[in-house]
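Here is the structure we will look at.
The values are calculated or read from the model by the stated rules, or taken from the named source; none is laboratory data. Treat the numbers as computed from the prediction; the structure is a model and nothing was measured. Virtual Cβ from ideal backbone geometry, glycine too; neighbours counted across all protein chains shown. Surface accessibility is based on the protein's heavy atoms, side chains included, excluding ligands, DNA and RNA. Shrake-Rupley method; radii C 1.70, N 1.55, O 1.52, S 1.80 Å.
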Protein chains: 2
Amino acid sequence: MATKKKAKKKAAKKKVAKKKVTKKKVAKKKTGKKKAAKKKVAKKKPAKKKTAKKKTSKRKAAPKVPPMNAFYAQSGGVTAVINASAAGVIEAARKSNKIGKVYAGRNGIIGALTEDLIDTSKESAATIKGLRYTPSGAFGSCRFKLKSLEENRREYERLIEVFKAHNIGYFFYNGGGDSADTCYKVSQLSKEMGYPIQAIHVPKTVDNDLPITDNCPGFGSVAKYVAVSTREASFDVASMAKTSTKVFIVEVMGRHAGWIAAAGGLASTDDTFIPTVILFPEVEFNQEKFLAKVKENVEKHGYCSVVVSEGVHWPDGRFLAESGLKDAFGHSQLGGAATVISGMIQSELGLKNHWAVADYLQRAARHIASKTDVDMAYAMGKAAVEYAIKGHNSVMPTVDRISNKPFKWKVGMADLSKVANVEKMMPENFITKDGFGITKACRTYMEPLIKGEDYPPYKDGMPKYVRIKGVAVPKKLKGTFEL
Amino acid sequence: MATKKKAKKKAAKKKVAKKKVTKKKVAKKKTGKKKAAKKKVAKKKPAKKKTAKKKTSKRKAAPKVPPMNAFYAQSGGVTAVINASAAGVIEAARKSNKIGKVYAGRNGIIGALTEDLIDTSKESAATIKGLRYTPSGAFGSCRFKLKSLEENRREYERLIEVFKAHNIGYFFYNGGGDSADTCYKVSQLSKEMGYPIQAIHVPKTVDNDLPITDNCPGFGSVAKYVAVSTREASFDVASMAKTSTKVFIVEVMGRHAGWIAAAGGLASTDDTFIPTVILFPEVEFNQEKFLAKVKENVEKHGYCSVVVSEGVHWPDGRFLAESGLKDAFGHSQLGGAATVISGMIQSELGLKNHWAVADYLQRAARHIASKTDVDMAYAMGKAAVEYAIKGHNSVMPTVDRISNKPFKWKVGMADLSKVANVEKMMPENFITKDGFGITKACRTYMEPLIKGEDYPPYKDGMPKYVRIKGVAVPKKLKGTFEL
């Protein structure tokens, strides 16, 4: 293993070296001034000497050639902490003289394709700092996946056209699995199209399904929200159970993996037991066993809480949420898994129940974000810039867990080719044998991720979230691009 | 008005005087020792002399006769801060030598009827302090309304039997409109059944529909939750709107009055505009106008947030939530108003949307409670005890607003006969003319109520909510009582 790693590192170094050469080539095509600047980057000391010489030979100082700019974009479903990663990227880039300006894509990669760039240098330090505690994607996100170079060369050519026009040499893409794939494809542009671009993926997804990294920023906060909310609502239903509601159901996100549903299990701890039944997408729904479990809890504890993943499905693969609901006029209705579970508990067990669907509330809940998660999100953004400065391409900063107790972690690095299109599922040993709970192993993994509170500032009772000015970078290209 | 008030005060004083007389009568029937103690309460100074005399004539000090005990119960739907009122009652009672022990009804008034009392003196000071930041009803609540004395004398006789057996002279009832009615009926027991009881109602309801008091503890926190959550989810949908979700819908509580829905309007402020459409139960649902408003917002701002009260109804009175949903097997399903709105926006406007139903999450969300609300809840509990000590009966402490800017309030008092069975609706001038928003008057009223944060302590990422030991008071009566 160790040898393998070393070999990998060696290969990575070679790649970086290659990339630098490619950069040089492109620089040659540019003006003489730029050429000098490029050399300065490539061979630091000699370049300095040259500049010094120029200063002595010419009264007028040589005009400074700006370093290459960076492009940053947010992608896919947003989270409570993706803007913390943005703050990490922008603040680290501002501190470095190796990166010029950071241009953000308005609405993600679409902003790059349509040359709709936001000049983040027009945002105050206070605004960028404020991003750390502002949920959502401040620059706009999008759901747009680039096809392969073979399938849609036109999009890649356009990207390069825009990058060239705005002297962009760094590509920071903040997203989940699909975005890692897009980022990987962009990282290959150097090789395939001869354009010098360093593409670094910044991990983000509430789904927690990226491989290699211990967890994905965004997940810890949604997990905290689900755990806290489940505990609170469970306290509520426990008070009501004698004469009223006996079962509380909350539906949470996670179409393919039960990471978020599992967080509901954190509501119950050694010192605060809560009878909870979790419905995972990993476990085929068995109505009989489920109802028996709920009944048992109500008989034993007086009440029961149910955390149901939106991805729970019948043995035939149909989602519970798509149970063919029709309204009085025969129109199909989008129900949730929670409504189906609720109806079932009412009709089969005759137990009064209440249900909630958290939807966006869970992933936007910055007010109850996990400090660990916020710190990690910021660190990922910062590390992405640091890796770029060091010359890396096609990588993603990762959270590497060092120890559980005390919880320690450090920033690591993953090769994007190993990240793209790989979905990390919950380990089997995270779900109890009966399929309705989380194991100690799951708890050991998950508890540190919800640790710590990181409250935003408030004004008149409301969180003071920031909004960017979003000043557009003047367009340099003629014509538009049809998406 | 001033004269009226004075007259009322006079009347109240008379009532108190009468009650004391009644108390004396009962005391007569008891042992001589108790008689002396009663007199001590009635005529302070002479009684002291007597005790002093006894001390000189007898070596052994006269055994202390304990003051009467108090009964405290939680009623109806619980809130994030009803336990803060419990803490106010218990801590104030512990400080006073006029009140013996506080016995809490396990599951509300049912605990009194079934002689299932919790001895709160067995709970540590830390636990009682912890109630201030613990949501739900720690002693258990119930939905149980006493009929009138004429309709069900049996229940009242039972109450008195239990009160007598446990030397209970104070009745603190913590609830909403129905509970105020029950409390009022109990307060009349002195008169009607010759038992000395002082009944004080402690206001609590997320519905904010009690009259006279400026607001009801519980409301400010649910309002804060709804305002914060709506702001957060609106930031989220704004980021996604370019290529994905354009409308976000959140369903909130409030079957009869739109107080909670109105709080969604606080999400948008002068410095943070959010295009919001609110659907109030006070306004007949007009599908055409509603859809036009949503469409207009999406066209103008790119996205729209909808806050829909569970009580929204069609012109014919049917709730939107009861739109006759049936599943694939023909079983009726309990949908929510949000699912109906969602389906409508999808089918009529073709706009992708997401929906959430907050349900218990909103009223249990102690983690984002309003400090103003917590302070008021505690103050109401404390004041109830102080009023009882001063001899009041059949009253409710109130929040009296003194000024808006700066927000100032004090504890007032309302006669229970004026509170019971009166539902306070939202003033008409709180809803904008188009029926979809809140006015400045509403904002002026509501903003102070969500002000301030009052975070619970955390352990390992989770709020450290307390649970009571719940030690039962030994039963003194034979037989059981069938509810």
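Here's the yes/no breakdown for (1) hydrophobic (A, V, I, L, M, F, W, C); (2) within 30 Å of residue A:363 (Cβ to Cβ):
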{"position": "A:145", "(1), (2)": "no, yes"}
{"position": "A:156", "(1), (2)": "no, no"}
{"position": "A:171", "(1), (2)": "yes, yes"}
{"position": "A:175", "(1), (2)": "no, yes"}
{"position": "A:181", "(1), (2)": "no, yes"}
{"position": "A:186", "(1), (2)": "yes, yes"}
{"position": "A:192", "(1), (2)": "no, no"}
{"position": "A:198", "(1), (2)": "no, yes"}
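If you go through region A:135-146, how many residues are more than 7 Å from chain B (Cβ to nearest Cβ) and either surrounded by fewer than 24 Cβ atoms within 10 Å (Cβ to Cβ) or over 23 Å from residue A:181 (Cβ atoms) (or both)? Steps first, please.
Residues of region A:135-146 more than 7 Å from chain B (Cβ to nearest Cβ): A:138-139, A:145-146.
Going one step further and asking which of them are either surrounded by fewer than 24 Cβ atoms within 10 Å (Cβ to Cβ) or over 23 Å from residue A:181 (Cβ atoms) (or both), we end up with A:138, A:145-146.
Matching residues across region A:135-146 total 3.
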### Task
Kindly indicate whether residue A:172 is surrounded by 24 or more Cβ atoms within 10 Å (Cβ to Cβ) and either under 19 Å from the mean Cα position of the chain (by Cα) or without any contact (Cβ under 8 Å) to a residue 60 or more places away in the chain (or both).
yes
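Take region B:239-279 and flag every residue that is small (Gly, Ala, Ser) and either over 20 Å from the mean Cα position of the chain (by Cα) or surrounded by 24 or more Cβ atoms within 10 Å (Cβ to Cβ) (or both). So that I can check it myself, show each step before the final result.
Residues of region B:239-279 small (Gly, Ala, Ser): B:239, B:241, B:244, B:254, B:257-258, B:261-265, B:267-268.
Passing the criteria: B:239, B:241, B:244, B:254, B:258, B:261, B:262, B:263, B:264, B:265, B:267, B:268.
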## Note on the structure
Output for Cβ contacts, cut-off 7 Å, separation at least six or different chains, first residue within 12 Å of residue B:232 (Cα to Cα) and at the interface with another protein chain (Cβ under 8 Å from one of its Cβ atoms) in region A:356-375, second among the basic types (Lys, Arg) and assigned to a helix (DSSP H, G or I), reads A:368/A:224
### Query
Say we look at region B:147-160 and pick out the residues that are closer than 26 Å to residue B:85 by Cα and aliphatic (A, V, I, L, M); which of these is farthest from the other protein chains (Cβ to nearest Cβ)?
B:160
## Note on the structure
If we keep only residues of region A:459-482 that are within 9 Å of another protein chain (Cβ to nearest Cβ) and open to solvent by 50 Å² or more (accessible area, probe 1.4 Å), then the residue nearest to the chain's Cα centre (by Cα) is A:467
### Message
Being open to solvent by 10 Å² or more (accessible area, probe 1.4 Å) and closer than 16 Å to residue B:178 by Cβ is the filter here; which residues of region B:206-238 pass it?
### Response
B:206, B:207, B:209, B:211
### Query
In the list B:379, B:441, which residue meets the criterion of being open to solvent by 10 Å² or more (accessible area, probe 1.4 Å) and within 19 Å of the chain's Cα centre (by Cα)?
B:379
### Message
Exactly one of these conditions fails for residue B:456: (1) within 14 Å of chain A (Cβ to nearest Cβ); (2) open to solvent by 80 Å² or more (accessible area, probe 1.4 Å); (3) of a type outside the set (A, V, I, L, M). Give me its number.
### Response
(2)
### residue B:108 vs. criteria open to solvent by less than 20 Å² (accessible area, probe 1.4 Å) and at positive phi
yes
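Residue check: is residue A:179 farther than 26 Å from residue A:474 by Cα, open to solvent by less than 10 Å² (accessible area, probe 1.4 Å) and within 14 Å of chain B (Cβ to nearest Cβ)? If you could, list the steps in order and put the result at the bottom.
Working: farther than 26 Å from residue A:474 by Cα: yes; open to solvent by less than 10 Å² (accessible area, probe 1.4 Å): yes; within 14 Å of chain B (Cβ to nearest Cβ): yes.
Yes: the conditions hold for residue A:179.
For region A:280-318, give me each residue that is outside any loop (DSSP other than H, G, I, E, B), of a type outside the set (Val, Ile, Thr), open to solvent by 10 Å² or more (accessible area, probe 1.4 Å) and touching a residue at least 24 places away in the same chain (Cβ under 8 Å).
Residues of region A:280-318 that are outside any loop (DSSP other than H, G, I, E, B), as a first pass: A:287-301, A:304-309, A:313.
Now restrict to residues that are of a type outside the set (Val, Ile, Thr): A:287-293, A:295-297, A:299-301, A:304-305, A:309, A:313.
Applying the additional criterion that residues be open to solvent by 10 Å² or more (accessible area, probe 1.4 Å) yields A:287-289, A:291-293, A:295-297, A:299-301, A:313.
Once the filter is applied, which keeps residues that are outside any loop (DSSP other than H, G, I, E, B), of a type outside the set (Val, Ile, Thr), open to solvent by 10 Å² or more (accessible area, probe 1.4 Å) and touching a residue at least 24 places away in the same chain (Cβ under 8 Å), region A:280-318 yields A:287, A:289, A:291, A:293, A:295, A:300, A:301, A:313.
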## Note on the structure
Per the filter on region B:75-94, residues open to solvent by 10 Å² or more (accessible area, probe 1.4 Å), assigned to a helix (DSSP H, G or I) and either without any contact (Cβ under 8 Å) to a residue 40 or more places away in the chain or of a type outside the set (D, E, K, R) (or both) are B:92, B:94
### Query
All but one of (1) surrounded by fewer than 24 Cβ atoms within 10 Å (Cβ to Cβ); (2) part of a loop (DSSP other than H, G, I, E, B); (3) β-branched (Val, Ile, Thr) hold for residue A:127; which doesn't?
(2)
### Task
Could you look through region B:389-428, keep only residues that are touching a Ser or Thr at 6+ places or on another chain (Cβ under 8 Å) and part of a loop (DSSP other than H, G, I, E, B), and pick out the one that is most open to solvent (accessible area, probe 1.4 Å)?
B:404
### Query
Is it true that residue A:384 is within 16 Å of residue A:454 (Cβ to Cβ) and either in a strand (DSSP E or B) or open to solvent by less than 20 Å² (accessible area, probe 1.4 Å) (or both)?
no
### Query
How many of the residues in region B:243-258 are at the interface with chain A (Cβ under 7 Å from one of its Cβ atoms) and modelled with pLDDT under 95?
2
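Restricting to region A:129-188, and then to whatever is basic (Lys, Arg) and closer than 25 Å to residue A:101 by Cβ, can you tell me which residue is modelled with the lowest pLDDT? Lay out the reasoning, then the answer.
So the first thing to find is which residues in region A:129-188 are basic (Lys, Arg), and the list is A:129, A:132, A:143, A:145, A:147, A:153-154, A:158, A:164, A:185.
Applying the additional criterion that residues be closer than 25 Å to residue A:101 by Cβ yields A:129, A:132, A:158, A:164, A:185.
Details: A:129: 98, A:132: 98, A:158: 95, A:164: 96, A:185: 92.
Among those residues, the one meeting the criterion is A:185.
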### Of all residues in region A:106-124 being of a type in the set (D, E, K, R) and not in a loop (DSSP other than H, G, I, E, B), the one that is farthest from the chain's Cα centre (by Cα)
A:122
